[in-house]
Amino acid sequence: MLLALHKPYGVLSQFSPEPGSRWRTLADFGLPPDVYALGRLDADSEGLLLLSDEPGLNHRLLDPQYAHRREYWAQVEGRPSAEALARLTLGGIAIDNYRTLPGRARLLDPVPLIAPRAPPIRVRKNIPDAWISLELIEGKNRQVRRMTAAVGHPTLRLVRVRTGDFQLGELAPGRWRELSSAERAAVFA
């Protein structure tokens, strides 16, 4: 079984709470027993989270050797220049002892229509923001946030919108559903 969940802000990508944590968990969403998250999104990130009860899918989806694409929409401080977007695309951004692989980065214009976040992001009247799309084949801890900060545009809001060719689409925050065989094929495309 392969499920898609629109993980809202403030939810850990795990079923057990962490001691003293203020975050909700996947146990709050009435998911079938024995499923586990394929990868993760940090509690302060939102969007498409796949879950399954099938062993081996995690490796198939997340190992960079398979070059499995994931697309993120990031609302960032400022308006990234062509040079900043090129740097995100070329890869080689240092994250701890690792250098990012090449990906794709582009400005999203017009701004995408996304459900409001609760709580909303902090808005600064004197600092503009913009939305960018980042397509990656790897997923290091807080990678998108670290990459955008490295090029001078800290992430304010982060939403994963696609895995492979499967898009989050109209799935509302906090909702989940089982994927059809065609949608499952799109995940692995």
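The figures follow:
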read-out	value
Close pairs (7 angstrom Cβ cut-off, 6 or more residues apart or separate chains): in contact (Cβ under 8 Å) with a residue 60 or more places away in the chain and not assigned by TED's automatic domain parsing to the domain that holds residue 49 in the stretch 171-189, surrounded by 13 or more Cβ atoms within 10 Å (Cβ to Cβ) and of a type in the set (A, V, I, L, M) anywhere	none
Options 41, 61, 50: the member that is in contact (Cβ under 8 Å) with a residue 24 or more places away in the chain, closer than 29 Å to residue 16 by Cβ, under 14 Å from the mean Cα position of the chain (by Cα) and in a strand (DSSP E or B)	50
Residue 159 being within 18 Å of residue 68 (Cα to Cα) and touching a residue at least 60 places away in the same chain (Cβ under 8 Å)	yes
Qualifying residues in the stretch 11-29 (those that are without any contact (Cβ under 8 Å) to a residue 40 or more places away in the chain and under 23 Å from residue 170 (Cβ atoms)) - the one farthest from the chain's Cα centre (by Cα)	28
Hey, residue 94 surrounded by fewer than 12 Cβ atoms within 10 Å (Cβ to Cβ), farther than 29 Å from residue 116 by Cα, in contact with a helix residue (DSSP H, G or I) (Cβ under 9 Å, 6 or more places away or on another chain) and of a type in the set (A, V, I, L, M, F, W, C) or not	yes
Pair list, Cβ under 8 Å, 6 or more apart: the stretch 94-119 residue polar (S, T, N, Q), other residue modelled with pLDDT under 95 and part of a loop (DSSP other than H, G, I, E, B)	100/91; 100/92; 100/93; 100/138; 100/140
In the stretch 144-172, the residues that are crowded, with 20+ Cβ neighbours inside 10 Å and of a type in the set (S, T, N, Q)	148, 155, 163
Residue that is farthest from the chain's Cα centre (by Cα), among those in the stretch 119-174 that are hydrophobic (A, V, I, L, M, F, W, C) and in a loop (DSSP other than H, G, I, E, B)	127
Counted residues, the stretch 68-88 - those being over 16 Å from the mean Cα position of the chain (by Cα) and assigned to a loop (DSSP other than H, G, I, E, B)	4
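The values are calculated or read from the model by the stated rules, or taken from the named source; none is laboratory data. For clarity, every value in this text was computed on a predicted model and none was experimentally measured. Because the Cβ atoms are built from the backbone with ideal geometry, glycine has one as well, and the counts that use them run over all protein chains shown.
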